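Just below is one structure, and these are the notes that go with it.
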2 protein chains.
Amino acid sequence: MLAIHTITTKPLPLSAAVEAYAARGVGGISVWADALGDLSPQAAGELIRAAGLEVVSYVRGGFFAHADPAARQQAIRDNLQLMEQAAALGAPLLVLVCGADPRQPLAVSRDQIRAGIEALLPRAEALGLRLGIEPLHPMYADTRSAISTLAQANDLAEALASPWVGVVIDVYHLWWDPDLEAQIRRCGTRGHLFAYHVCDWKVPTRDMLLDRGLIGEGCIPLRQIGQWVAEAGFTGYTEVEIFSQHYWAQDQHQFLDQIVVAMAQLRA
Amino acid sequence: MLAIHTITTKPLPLSAAVEAYAARGVGGISVWADALGDLSPQAAGELIRAAGLEVVSYVRGGFFAHADPAARQQAIRDNLQLMEQAAALGAPLLVLVCGADPRQPLAVSRDQIRAGIEALLPRAEALGLRLGIEPLHPMYADTRSAISTLAQANDLAEALASPWVGVVIDVYHLWWDPDLEAQIRRCGTRGHLFAYHVCDWKVPTRDMLLDRGLIGEGCIPLRQIGQWVAEAGFTGYTEVEIFSQHYWAQDQHQFLDQIVVAMAQLRA
């Protein structure tokens, strides 16, 4: 089952994205907060479901790590608000980019991340909303995430021991890890594999953030990782999440056609 | 003991670099192959020792992983030649950037790396030359190194089980790793900690290759990692290795002054 993140087609307003995804048989959509525009989360959810699409996740909460205690409290308030929006949208999952503060040791940021997620658990349970810890590539360990590997995300999810906390696997962040197969199996076994994001790693990569590749144009072993994810028991959507100034500059309908073809080739 | 890599002051010819390092009390130099210019390795070694400096390493061999078998054989020949140059230079160590080929799985590249190093062992022993496996940051896993963590480098060094094979720790590549302290202790215990490279990770980092920071201007916990390296029994040089278009564009003598001051502050 194919889903697409709104950020992938960032130039399209949500209504146009929904229409374009549905027209191509895409079954799911993950909604970035900035894609809501003037729509309320509830209205956006109705628009999406009216087009026959399923909301897969709301993106993205997190950023719990701050040297300043007031900023940590603010982050928790921000996440609680995002959780209400996710619930109003009808999203079963809020994706967490956990954060890091370069002014303090990574171990301190990790403790703050754990405390931050813990503070959200009662509301997550009340809303019936899952929280997905997404480990980010080590090149983002300075400011975006002190959780850099799936092993760390699994450790954290297991330590929190809540049915509402699991992990999000994004191939872009994790493809290099020699421990990946074992860690995918581990989160599958524990029931913690909440979501699966795909794109590709371009050779060369010209920008650390906004040069992700279309499925198949890079060096990520997508078939192999997809097989490990399937063997781990994951039956959810495969979500295409591409941040790319190159693709955003192109016709988004042609880009969507390319995505649909590339995903069909991947599954062939 | 402070050493500097010639690449750090890339605009300086070797003779000027040697003079400038010696004038500032720098005790060691790691020589990049391209720094030799018209000098033979032997002449370069004599120049360096005449200035009272010690050659710490020759940089860099490796790049063993290629989908094409002829390219793998060529890589071994190239490394054997670099080893002769290292010996003629009087370097006790050749640093290995192990390579990766995006056209094949990382596991295949890793097997080729192991086979490549194995092919060099008889000559390393005959020359009395150490080979240092340097794990590179995961953001270089596409084309530069399929060895991304110190755990992988330690595994490989232990599997090769030669007194001539060990690891090179560069903080830039490894600072994010939650397993770093344990892996530094491990290679220290095994006698495999051959070299220690420092620089810093700038926030933000604007280029994936050529935007390394001066010691202290980034977020790498240099004191903490330096302490782990010392506790692991390492008594060699701390080598400053900074690739930076920003610093290369500046007066290299002022830049060297900044390095010396920054290293003194780090040790204060």
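All of the numbers you see were taken from the coordinates with simple rules; none came from a lab. These numbers come from a predicted model, not from an experiment. As a convention, Cβ positions derive from the backbone with ideal geometry for all residues, glycine included, and neighbour counts pool all protein chains shown.
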Using a 10 Å cut-off around each Cβ of peptide A:137-145, what is the average number of partner chain Cβ atoms that fall inside?
5
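Evaluate the charge dipole of the protein assembly as shown about its Cα centre and quote only its size in Debye, nearest 20, assuming +1 on the Cβ of each Lys and Arg and -1 on the Cβ of each Asp and Glu.
So the magnitude is around 440 debye.
Within chain B, which DSSP H helices have Cα atoms that stretch 27 Å or more along the helix axis and a mean Kyte-Doolittle hydropathy of at least 0.0? Don't jump to the answer; show the numbers that get you there.
Working: long enough: B:69-89 (30 Å, -0.31); B:106-127 (31 Å, 0.32).
Those that clear 27 Å and a mean of 0.0 are B:106-127.
What 222 nm value per residue comes from the helices of chain A, counting each DSSP H run with n ≥ 4 as -39,500 (n - 2.57) and dividing by all residues, nearest 500 deg cm²/dmol? Before the final figure, lay out each step's value.
Details: 10 runs with 118 residues, N = 268.
After summing the helix terms and dividing by the residues of chain A, the value is -13500 deg cm²/dmol.
At a Förster radius of 30 Å, what calculated FRET efficiency corresponds to the Cβ-Cβ distance of B:M208 and A:A249, to the nearest 0.05? Each step should come with its number before you reach the end.
Working: r = 21 Å, r/R0 = 0.70.
Result of the calculation: an efficiency of 0.90.
Take peptide B:149-159, look around each residue's Cβ out to 10 angstrom, count Cβ atoms belonging to other protein chains, and average those counts.
Other-chain Cβ atoms within 10 Å of each residue's Cβ, averaged: 1.
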For chain A, the Cα-Cα pair-distance distribution in 10 Å bins from 0, as whole percents, is 7, 31, 38, 22, 2, 0
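Normalized C-alpha radius of gyration of the protein assembly as shown, against 2.2 N^0.38 Å? Don't skip to the end; give the middle numbers.
Values: Rg = 24.9 Å, N = 536, 2.2 N^0.38 = 24.0 Å.
Working it through for the protein assembly as shown, the quotient is 1.04.
Given that compact globular proteins tend to follow 2.2 N^0.38 Å, what is the ratio of the alpha-carbon Rg of segment B:63-153 to that value? Please report the intermediate quantities before stating the final value.
Details: Rg = 12.8 Å, N = 91, 2.2 N^0.38 = 12.2 Å.
Against the empirical 2.2 N^0.38 Å value, I get 1.05 for segment B:63-153.
How big is the charge dipole of chain A about its Cα centre, in debye rounded to the nearest 20, if each Lys and Arg gets +1 on its Cβ and each Asp and Glu gets -1 on its Cβ? It would help to have the intermediate numbers written out before the result.
Values: 20 positive and 29 negative charges, 47 e Å.
So the magnitude is around 220 debye.
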Surrounding charge for B:D179, neighbours by C-beta under 14 angstrom, Lys/Arg +1, Asp/Glu -1, total -3
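Which percent, to the nearest 5, of DSSP beta bridges fully inside the protein assembly as shown are antiparallel?
On the way: 4 of 64 bridges.
Within the protein assembly as shown, antiparallel bridges account for around 5 percent of the total.
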For B:R190, which inter-copy label distances result when the label point lies 7 Å beyond Cα on the Cα-to-Cβ vector, reported in nm to one decimal and in ascending order?
2.7
Obtain the nm distance between the two label points defined at A:A230 and A:S40 by a simple spin-label model: each point lies 7 Å from its Cα along the Cα-to-C-beta direction.
4.2 nm
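Highest mean first, what order results for A:14-21, B:227-234 on Cβ atoms within 10 Å?
A:14-21, B:227-234
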Across every pair of different alpha-carbon atoms, what Kirkwood hydrodynamic radius in Å does segment B:129-268 reach?
15.6 Å
Among B:A43, B:P138, B:T6, pick out the residue whose Cα is farthest towards the positive end of the charge dipole of segment B:1-146, where Lys and Arg carry +1 and Asp and Glu carry -1 on C-beta, about the Cα centre.
B:P138
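For chain A, what relative contact order do you get, as a whole percent, if you take Cα pairs closer than 8 Å and at least 6 residues apart?
On the way: 532 pairs, mean separation 47.8, N = 268.
Relative contact order for chain A comes out at 18 percent.
For each of A:S57, A:S162, count neighbouring Cβ atoms within 10 Å of the residue's Cβ, then give the residues from fewest to most. Before the final figure, lay out the partial values.
Numbers: A:S57 28, A:S162 17.
The order, fewest Cβ neighbours first, is A:S162, A:S57.
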Lysines whose Cα lies under 28 Å from that of B:K202, excluding same-chain neighbours fewer than 8 positions away:
A:K202, B:K10
